[in-house]
Amino acid sequence: MKKFLDLISEEMKNAFEAAGYDRELGKVTLSNRPDLCEYQCNGAMAGAKLYKKAPIMIANEVAAKLESSEVFLEVSAVAPGFLNLKVKESFVSDYLKQMTQTEKFGLEMPEKPAKIIVDYGGPNVAKPLHVGHLRSAIIGESIKRIARYAGHDVIGDIHLGDWGLQMGLIITELQERQPELVYFDESYEGEYPKEAPFTISELEEIYPTASGKSKEDAAYKERAMEATFKLQSGVRGYRALWDHIIAVSVADLKKNYENLNVDFDLWKGESDVHDVIPGMVDYMKKEGYAYISDGALVVDVKEDTDTKEIPPCMILKSDGASLYNTTDLATIMERMREYHPDRLIYLTDKRQDLYFEQVFRCARKTKLVEPETELLHIGFGTMNGKDGKPFKTREGGVMRLEMLIKEINEEMYRKITDNREVDEEEARQTAKVVALSAIKYGDLSNQASKDYIFDIDKFTSFEGDTGPYILYTVVRIKSILSKVKEQGGLPDDASIREAGSEAEKALMMEIAKFNAMMESAYAETAPHKVCAYIYDLANAFNRFYHETKIVSEEDQEKKAGWVALLMLTRDILETCIDVLGFSAPERM
Ligand code: ARG
């Protein structure tokens, strides 16, 4: 379906043309004086110079051509030459009717869907998820869903950090504690136990302990590096232990991500490309891209137009070990081979900006990707506490994700049960759903690259620009609809009617913006646009609601029209929160 604003512009362009002017002058924009008009066109001002004519004359001529327009209710030419516009109620309601009959409310699907891989989440195995991982998961999930809704073929990959020194550290600490484990017996040839020799909580304690020790004790670190090397060279017992670490850790991660309503198509990790690294390195050497510098193997990635120093991309360290870069490059190679994506999107903290710049340049230069493959890194800002510093626990420690979620769930539960008799079980469930909206909306409503303040009081409020406010609006609509249903059923053929009030028309015009909004949220990978839209839409709905007695309306046709409008509002809001990665409860 054509976009609402485009249809309006089209009508205006036709009028410019009919009056003998360049049609391109007829571009219409949203009014910046909503007190005067809904839309405006400044084409007569631009046309004045071109045609050496007073702008007001042009505006008057154009307005005259629109006297019997099906689109405009009012076209007023005002000094010095602006065209102030209001659209006809019937034009808006016809558009909405079409939206209800068109798939995805009129969002046009791409002729050729793009294949997109979104690399997000990026947790490190055996390390507990902390708030730093939250943004990657929340933003990535939404970007994935928006792209999918926009009709593209999207794969989400978690890209586990599962191959580095942290694995060697864990293995070393395990050996320290339980040297008798069969995994450390190099002469052992039998099968290894199915059961892991540790639980997730042990694992989560082992890693920080080992990491702490390695910082104080050089010999310990040496052993951890050796263990990493042995693991990577395929020593059986180490591999078997590693399998346990992954299994235990991934089971826990899955639970955590599920609670966040975040879901990955692929659970691949850095380790998955281990075997393809040597081939990639050979290729880079053979083609002359990579050379030895200070013992390390590097690829130059600086360009003449650089304004800041971009250091070479290191492929192998002087001891031959691979790095974070190496696994990312090999992963790009593998992804191209396996999926041939048109677009690769990465989500990490913006402190990795330079890193991705290097990796992308290296991938292009060494032709791991095609010239037209898009490589996009979305670097997000930090989530800060109310003091403006990175979010911490009350005691000042790193906030674990589980704790944070628990805290918000509690706060939401408190708000929901405040002064009310509610079923405990149901309230807990509702609190969970609403809390997730508070966390996600609080994050996504900010432009990703910006830092933001995680303010529990504000995010969990039922008023203002928050997730709970949006959900409250959805629930309100659902409750009106069920009241009407109880009264005698919802008419099945309820069809949207022309707006009867200014608030109703405003709501309808907000709805009409849906496809344009979704298109730009996709093109700009900008979930915050979806948030801004549903906030405006919820406000428009609530204004209409406060002015309109829907349930007690006697005129059945009028009421049916409202029911249709409510259903469409609900559907659009629910579609939007779904692409943001949360949902609404039935009641709250
Ligand atoms: N595991 C990494 C970290 O914690 C994030 C991975 C991001 N994705 C990537 N392909 N490099 O920093």
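Do we find a residue being open to solvent by less than 70 Å² (accessible area, probe 1.4 Å), more than 13 Å from the ligand (Cβ to nearest atom) and not in a helix (DSSP H, G or I) anywhere in the stretch 409-417?
No, the stretch 409-417 contains no residue that is open to solvent by less than 70 Å² (accessible area, probe 1.4 Å), more than 13 Å from the ligand (Cβ to nearest atom) and not in a helix (DSSP H, G or I).
Do any strands (runs of 3 or more DSSP E) entirely within the stretch 287-371 hold 2 or more residues that are open to solvent by less than 40 Å² (accessible area, probe 1.4 Å) and within 13 Å of the ligand (Cβ to nearest atom), and if so, which?
Answer list for the stretch 287-371: 343-349.
Considering each residue of the stretch 112-144, count those that are open to solvent by 10 Å² or more (accessible area, probe 1.4 Å), at positive phi and more than 11 Å from the ligand (Cβ to nearest atom), and give that number.
Number satisfying all stated conditions: 0.
Which condition does residue 283 not pass, out of (1) assigned to a helix (DSSP H, G or I); (2) within 15 Å of the ligand (Cβ to nearest atom), if it passes all the others?
(2)
Look at the stretch 276-329 and say how many of its residues are without any contact (Cβ under 8 Å) to a residue 24 or more places away in the chain and among the β-branched types (Val, Ile, Thr).
4
Any residue in the stretch 128-145 that is free of Cβ contacts under 8 Å to residues at least 60 places away in the same chain sitting within a Cβ distance under 8 Å of a residue that is among the aromatic types (Phe, Trp, Tyr) and in a loop (DSSP other than H, G, I, E, B)? List the pairs, counting only those 6 or more apart or interchain.
Within 8 Å, the pairs are 144/120.
Output the qualifying pairs, or none if there are none: Cβ atoms under 7 angstrom, residues six or more apart or on different chains, first residue in the stretch 341-356 and closer than 20 Å to residue 330 by Cβ, second residue among the polar types (S, T, N, Q) and within 12 Å of the ligand (Cβ to nearest atom).
Matching pairs, first to second residue: 347/136; 348/136.
Does the stretch 11-20 include one or more residues that are open to solvent by 70 Å² or more (accessible area, probe 1.4 Å) and assigned to a loop (DSSP other than H, G, I, E, B)?
no
Based on this model, can you work out whether residue 264 counts as free of Cβ contacts under 8 Å to residues at least 60 places away in the same chain, touching a strand residue (DSSP E or B) at 6+ places or on another chain (Cβ under 9 Å) and within 16 Å of the ligand (Cβ to nearest atom)?
Answer is no for this residue.
In the stretch 518-547, which residues are open to solvent by 20 Å² or more (accessible area, probe 1.4 Å), assigned to a helix (DSSP H, G or I) and either under 20 Å from residue 102 (Cα atoms) or among the polar types (S, T, N, Q) (or both)?
519, 520, 522, 539
Is it true that some residue in the stretch 247-257 is more than 23 Å from residue 119 (Cα to Cα) and of a type in the set (Phe, Trp, Tyr)?
Looking for residues that are more than 23 Å from residue 119 (Cα to Cα) and of a type in the set (Phe, Trp, Tyr), one finds none in the stretch 247-257, hence no.
If you go through the stretch 422-466, how many residues are in contact with a Cys (Cβ under 9 Å, 6 or more places away or on another chain) and of a type in the set (Gly, Ala, Ser)?
So the answer is 1.
Only residues that are touching a residue at least 40 places away in the same chain (Cβ under 8 Å), away from the ligand (no atom under 14 Å from the Cβ) and either open to solvent by less than 10 Å² (accessible area, probe 1.4 Å) or at negative phi (or both): list them for the stretch 149-176, please.
Those that are touching a residue at least 40 places away in the same chain (Cβ under 8 Å), away from the ligand (no atom under 14 Å from the Cβ) and either open to solvent by less than 10 Å² (accessible area, probe 1.4 Å) or at negative phi (or both): 149, 150, 152, 153, 168, 169, 170, 171, 172, 173, 174, 175.
Looking at the stretch 52-68, which of the residues that are of a type outside the set (A, V, I, L, M) and more than 47 Å from the chain's Cα centre (by Cα) is surrounded by the most Cβ atoms within 10 Å (Cβ to Cβ)?
Out of the qualifying residues, it is 53.
Counting just the residues of the stretch 76-101 that are open to solvent by less than 50 Å² (accessible area, probe 1.4 Å) and of a type in the set (Ser, Thr, Tyr), which one comes out farthest from residue 495 (Cα to Cα)?
Residue satisfying both the conditions and the ranking: 76.
Give the stretch 191-207 a look and list any residue that's farther than 13 Å from residue 241 by Cα and in contact (Cβ under 8 Å) with a residue 60 or more places away in the chain, or say none.
Those that are farther than 13 Å from residue 241 by Cα and in contact (Cβ under 8 Å) with a residue 60 or more places away in the chain: 204, 206, 207.
Residue 32 is checked against (1) crowded, with 22+ Cβ neighbours inside 10 Å; (2) within 39 Å of the chain's Cα centre (by Cα); (3) not in a strand (DSSP E or B) and fails just one. What number does that condition carry?
Checking residue 32 against (1) crowded, with 22+ Cβ neighbours inside 10 Å; (2) within 39 Å of the chain's Cα centre (by Cα); (3) not in a strand (DSSP E or B), the one that fails is (1).
The values are calculated or read from the model by the stated rules, or taken from the named source; none is laboratory data. Just so it is clear, the model here is predicted, and its values are computed rather than measured. Note: ideal-geometry Cβ built from the backbone for every residue, glycine included; neighbour counts use all protein chains shown. For the accessible areas, the whole protein counts, side chains as well, though only heavy atoms, and no ligand, DNA or RNA atoms are used. Shrake-Rupley method; radii C 1.70, N 1.55, O 1.52, S 1.80 Å.
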